[in-house]
Each structure stands twice: as structure tokens, then as C-alpha cells.
1. Multiply the residue separation of Arg601 and Asp474 by 0.36 nm, subtract the distance between their alpha-carbon atoms, and state the gained length in nm to one decimal.
2. So for each of 325-331, 361-367, 489-495 I average, over its residues, the number of other beta carbons within 10 Å; can you give me the resulting order with the highest mean first?
3. Per residue of region 166-178, in order, report the coupling 6.51 cos²θ - 1.76 cosθ + 1.60 (Karplus, θ = phi - 60°) as ³J(HN,Hα) in whole Hz, putting x for Gly and Pro.
4. Between beta-carbons, use under 11 Å as the cut-off and find the net charge around Met468, counting Lys and Arg +1, Asp and Glu -1.
5. Please label the shape of region 345-404 as rounded, prolate or oblate, based on the square roots a ≥ b ≥ c of the eigenvalues of the alpha-carbon gyration tensor (a/c under 1.5 means rounded; beyond that, a/b larger than b/c means prolate, else oblate).
6. Computed over the Cα atoms of region 556-628, what is the ratio Rg over Rh, Rh following Kirkwood?
7. For Val336 and Ile237 in one chain, what is 0.36 nm times their gap in residues minus the Cα-Cα distance, to one decimal in nm?
8. At a Förster distance of 25 Å, what's the computed FRET efficiency of Arg436 paired with Glu288, Cβ-Cβ distance as r, to 0.05?
Amino acid sequence: MNALLPLRGQPRAATVSSLDGSRSRSASAGSSSESVGGAAGWDNFAAIERPATIFAMQGSDIEAARLFCALVYHSGREFPIKALLGSRSHTGHSWIRALFANFPLLGRTIILFSLMLGLTGALLPLAIAVFFGQVIRLSEFTAMPYLIGGLVLIVAFETLFIVQRTKVVAWVAGRLEFIVNTSSFSQILKLTPSISERAAPTNQAARLRSFESIRDFISGPTFASILDIPVSLLSLILVGFLSLSALSIMVGAIILFICVFAIAWRRSAVLTSITADRATELQALCIETLDKLDLIRSCGLQEAWSGRIGVIAEKAQRAQMSLRFAGLVSEAVSSVIFTVSIIGVMAVSSLSVWAGAISGPTLLALVILSLRVLAPFHTLCTTVQRIEQIRRSLNQINSLMDLPTENQEEREKNTIGAPSGRVSFVNVGFRAADTRPVFVGLDLEVDSGDLVGIYGSNGTGKSTIFKMVLGMMDVSLGTIRIDGVDLRQLPLRELRRRISYVPQRPRIFPGSLRQNLALANPLATEMQIDQVLLNVGLSEEIRTLPNGLDFIVSGPDEERFSASFRHRFAFARALLVNSQLMLIDEVPNVLLDGETGALMRRLLEDARGRRTVLFVSHRSDFLQMANRVIALRYGKIPAVNTPQAILERAI
């Protein structure tokens, strides 16, 4: 049975086959302090994370593996964007505002290109007017080649500036998307469990999709219209030089556009909020329907439930219709202002031509310049709802990045060695969200090598104790100490790496089975992996899979692997960590009668006196294997005693 647990004195392997999926077995000798067996194997790689990039490792090159370890080491310390953003506590800027501030040169480049476009945009109408006056009206063909050359040159420069500005904007959009997406994922992974467990996966996915709309906005015509505002202002100045009456019409039209935009934006903000609430309500009801489908059928509530869905869907559609109608109204009003303004410019310019104040070519230039002046403002008014959606998306990202994380810098500065297995619970308690105590006054000293069973009815805090030990839940009442050190002083990431944990609902992540095992110990040798799989009874099952350990898991793991396979695989990962402290959450009773139960029984027998194990079980035959048992009772002080005393009391 001792083979069930890898020994700390095994030599370290120079290969990282568990990372790249190769079968290389090259190894170099090492001392027992350099063991790859779990916690000790992490000593020289204390900052290695367990990111999804591990799945991208290919090949067996040791240098590639070293590069991977270095990359993960630095990403584990701090994602570089944090250094880019600087300290927002001094500036008071939002996260997005601080992010954009890190592209000052690109911002100035875009502004420069926009100003150059403004210059060419102002020269092009004048050049067209000169060509019209000299060639068409006066039939002066001697200057035509020069005029055509000038027009071609202006168009070429304008095209060049547009292309270059588009390239810069596209690069910025792609770069921002990368930074926001990676930072959002990093932030979600660092959120405190109390926040992340409350949020539905659909809500988290919606946050991550928020920047997709922002990227499309930056790359789309609306953002280009905003960038064209300098072109519009330069054209407006030129209109003023040519005709003051046309200038007054342009200024009045711009003021009207601004008023329409402000009113439509305010209206869109209210309607968008209402529409979002209605859509969320409908989505929640759909999820509830699918979740309670059998109950609805068994109670004969199909018609009533359909009516309820119909009412909420009608509200959602009415809100959506109101939002669309408001958008159509703003577009219509903006189009009227645009059309009337151009007609007005043509009218006053025609009067000026008849009065001899300006020439016909000047009228043509005024019309073209007026179109350039009003086009950006017209586009903004027609896309006001899009802008409101972008504002809400930016707020979503800012709110996500401002959520508190469990990454407390002071704790991360501390170091933690391999735990010896001593755990102390000092007057520990837990209160539910409604502040009612689930349990209070848990006092227990767990020595190295002890087996401690935990049992209680649903909702009494069995899994909560494990979350507290793993630092996934704050210890608000009392104190938990590991090897005599208060849990609140220990670095969370290191703490979790050094504890073997079998969750209540084990999952297998996308990627190969070998890569899933590497998440527990990237430096485990091929021999260790084979030995652990043999001990948990998975060697034959994995061998029958296509490519064996290199079988790629895609899609929900429940569809490919049985519950017994997933639990035994979780035991394999826990054994690869090889910590002196192991936590085993509740295993379904149906599995305890099969191979999983036999495995757990062997593990407990082998761990007695060698490894501290805290496990949850309702089975008396498993609880009797423990040195002591914690009996949790809702709202009361837990009973801690020998298995015999606890079981007799339960009877």
C-alpha cells in the first residue's frame, strides 16, 4: 500500500514530459530536498501558476519547457498590464481611462493623421472648385494637366492618411482587445470566491464579451466619424472664409445636432437600462424553466408557466420596440437637419452668386465643405444607441476590474514551506449571507498523520470548512492555523498548491489527460504518473483510450467520463501534489460501494500516521477509520470526539 503515495526522496527528472505529452524518460539525480513529489517539487518554482497556456505546450524540447516555466513565473508574479496601468489611486482614473493613457504616442499619431486629413479635406473642395472654374466654365485647358495632377496628388495623400490612420486604429483595437480579454480573465481568476460563486457563468461570459462591441466600435464608422471631427472643424473655418451666411447655417445645424444627440442619448440610456432589465428577467426565467422542467410537468403547470413566459416576453419586446423607435426618431430628426442645412447652404450661396458676392465654383466648394462639416455630427446622431451600448460596456469592464480580489500583496510577500499536516481550529464559526450562524465554536487540534472525518446534514458547513482551509472563504469567526501560522497570513496561491484536494464535483479540463495531471505537478516524471494511475486503478482504462494519456478532452467531461473515472482522476491529481495535508470532500454514496470507495479506503489506511487527511462522509464504515470525527449541527457548536462516541451519540 505504500506505493500509493509517491515518496519525497525520489530523484528529480530533468524532463518535463508531463507538460508536453512526450514519453521522454531522461532524468538526472537529485537530493530528497529537490523531490518532484508535490509540495517539495514546487520549492524552486514557487511562482508557477496553473494557467490554460499549459495546454499550448507541444514537443519535448527541454528549453521550451524552461521558457514556459519562466513565462508562467512572471505571469504568476503580476500580469504586466498592472505595471502599465500604474497606480490609479493617485489619478482617480477608471481602469479603461488608465489603459488608454498608456497609448499617448498612438493617440497623438491618430490626431496628426486626422489633422492632415482635415487639411486635404479642405484643399480637395477648393481644388475641385478651381478646376470647375478654369476648365469647365472658362474652357481654359492649358492649366488642366496641372489641375488634374493636383487633384490626383490631394486624393493620393488623403487616401494615404486614411489607410495609415485605419492601420493604427486597427492595431490599437486589436491590442486593446488582447489586453482587456487577458486582464479580464486574470481578474475573474483572482476574484474572491464569495463574488465569483454568486455570479452566473452567463454573466461572467457577458462581461468578457463586452469588449467585443468596443472593438467593433473602434474599428467601425462611428469611431471614424469621431476622428473626423477635426476635419469638420477645419472645413467649418474654411466655410467662414468663403461665406458668413453659410457659416451661420453650419453653426446652427451643429448646435441642433448636439441638442438632438444629448436628448437622444439621455432617452437611450433610460430605455437601454429598461430593455436590459427585461432581457435579464426573461433569460432568468428561461434558465429556471429548463432547470425545473420535470417539476413543471409533474405539477401540470405547462399552461400557467407558458403564460408567465408570454407576459415577460411581451414586456421585453415592448421595451425593445421603444428603444428601436427612439433610435429611429433620432435618425429621422438628424436626417432632416442634415438635408435642410445643405439645402439652406445651397440657397444662400445661390443668392450670393446672383448678387455677385461669390462665384459658381465657390458655391460648389461650399456645398462640398458643408457635407464634410455635417457628416460626422449626422453619423453620431444616427448611432447614439450604439454609443450608449459602448458606454455601458466600458462601465461593465471598469466595474469588473474594480471588484476586490483575493490577491493581497502583503500576504503574497510571505513564504510557506511544505505543510507538515498540523491544523488548528480555534473557535471557528461561519455565518450565512443572512448573518445566521451555520456553526460556531469549532475547536480542534489536528496533529500530523491524523485522520479526521466530518459529517453532518446538508447546509451544515462541511465543504465550508475545506474552503476556509484553502483560503477560498474568509475566516470571519475564530482562527485557523496551519503549522502554527494564522491562515490569514499565508499566501493563498502557494497555500493551495501545497494542499492535496479532492473536490466534491471533480472536473477534467479541456486538453489532454496528461496536461490535466500536469496542473497538479508540472515536474512529475513519467514514472510517477504511471505509478499514481496504477494506484488509483486508471491505468487500464486510460490505456484503452485513443492515444492513452494524450487523449484530448473536448466538450463537457460528463459526456465522456463516468463519475467514478472523474473521482479517481481527482485522487490521482491529489496524489501527484503529494502534500502532507489532504482534503477529501464528499464522495457520492453510490461510488463508495465500488472502485472509488475501495481506493479511498486504501488511501486512508495508508495515510494513517503519515499524512493528515480531512474527509467528508456519511458512511459509518469510513468514519470509523478516523481518529476523530467532527459532527456538524446547524446553528450549534460542532461535536468533536472519537468515531465510536459520535456514532453512539447519533444512534
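The values are calculated or read from the model by the stated rules, or taken from the named source; none is laboratory data. Just so we're clear, the structure is a prediction, and the values are computed from it rather than from any experiment. Note that we place each Cβ from the backbone using ideal geometry, even for glycine, and neighbour counts take in every protein chain shown. Surface accessibility is based on the protein's heavy atoms, side chains included, excluding ligands, DNA and RNA. Shrake-Rupley method; radii C 1.70, N 1.55, O 1.52, S 1.80 Å.
1. Separation in residues times 0.36 nm, less the Cα-Cα distance, equals 42.6 nm.
2. Per-residue mean Cβ counts within 10 Å order the peptides as 361-367, 489-495, 325-331.
3. Computed from phi, the couplings for region 166-178 are 4, 4, 5, 5, 5, 5, 4, 4, x, 5, 5, 4, 4 Hz.
4. Counting the neighbours of Met468, the net charge comes to +1.
5. It comes out prolate by the Cα gyration axes.
6. 0.96
7. 33.3 nm
8. 0.50
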